[in-house]
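Down below is the structure, laid out as structure tokens.
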Amino acid sequence: MSDHRRQRLPLWLKLAFTAWIAGWAPTFWVLLGPQNYFWLCNLANFLLLVGLWRESRLLLSMQWLAVALVGSLWALDVGTAALTGWHPIGGTEYMFDGDEPLLTRLLSLYHLILPAVAGLCVWRLGYEPRALAWQTGLTWLVIPASFLLTEAQRNINWTRGPFGSEPQELVDPLLYLVALMGLWPLLLYLPVHLLTRALQRRGLLG
């Protein structure tokens, strides 16, 4: 990225995202409880906030990896289900569950916002290649913590089984957890990292 394109992040973005966290975080605490913060996509809200104010390429690049593909797949699943009633991926059924508070479902639309915020930050500041290793390390801490410290029926970060609340029974739970730790960065972070690095090599990112 040429020097004239490497700019500081706009103040309005920092203030707007701070206002979002000030409203979202306590509301989610009341509606869903603090365990919900263990979700990597929820944790990304807080880490993006810190990254925005510190203008940390590493932290913002890490969260770009965390939310880019996850947010896109979430949007695909919700959009397809809204149009056809079919969930091609799964994991967003709660968005159409009348027993879930409407406010909870509306606040979950942040899955559409985070990739845009993180992407803008990476475009403005540049991508830090070390983000893949750091975000993988963070994931390897959060997934076991989710397994040990959260209620099994919440299935936070899918530590009990893919997507829904029912635990998987195909393999030993610890073997499943190890496989999850390996597949998460391989399937969700690595493709975004490789694409972003390709854009870097073309001079489209720093």
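The values are calculated or read from the model by the stated rules, or taken from the named source; none is laboratory data. Worth saying up front: this structure is predicted, and the values here are computed from it rather than measured. A quick note on method: Cβ atoms are made from the backbone with ideal geometry, for glycine too, and the neighbour counts reach across all protein chains shown. Heads up: the accessible areas ignore ligands, DNA and RNA and are worked out on the full protein's heavy atoms, side chains in. Shrake-Rupley method; radii C 1.70, N 1.55, O 1.52, S 1.80 Å.
Computed values, structure above
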quantity: Angle between the chain longest axis and helix 11-32 axis [Cα atoms, degrees, rounded to 10]; calculated: 10
quantity: Convex hull of Cα atoms in region 56-125, direction-averaged projection (nm²); calculated: 5.1
quantity: Per residue accessible area of the chain, 1.4 Å probe, in Å²; calculated: 52
quantity: Descending Cα extents along the principal axes, region 12-86, whole Å; calculated: 42, 29, 24
quantity: Principal semi-axes in Å for the chain [√(5λ), Cα gyration tensor, largest first]; calculated: 29, 20, 17
quantity: Virtual spin-label span in nm between L106 and L13, 7 Å along Cα→Cβ; calculated: 2.7
quantity: Cα centroid separation - region 111-127 against region 57-98, whole Å; calculated: 16
quantity: Within the chain, helix-based [θ] at 222 nm, where runs of 4 or more DSSP H residues each add -39,500 (n - 2.57), nearest 500; calculated: -21000 deg cm²/dmol
quantity: Whole-number percent relative contact order across the chain, with pairs defined as alpha carbons under 8 Å at least 6 apart; calculated: 28
quantity: Carbon plus sulfur fraction of accessible area for the chain, probe 1.4 Å, in percent; calculated: 70
quantity: Region 107-195 - percent relative contact order, Cα under 8 Å, separation 6 or more; calculated: 24
quantity: Rh by Kirkwood over Cα pairs, then Stokes-Einstein D for region 78-195 at 1.567 mPa s and 4 °C, µm²/s; calculated: 79
quantity: Relative contact order %, region 1-114, counting alpha carbon pairs below 8 Å whose residues are six or more apart; calculated: 22
quantity: Gyration tensor over alpha-carbon atoms, region 156-202, equivalent ellipsoid semi-axes in Å; calculated: 30, 10, 6
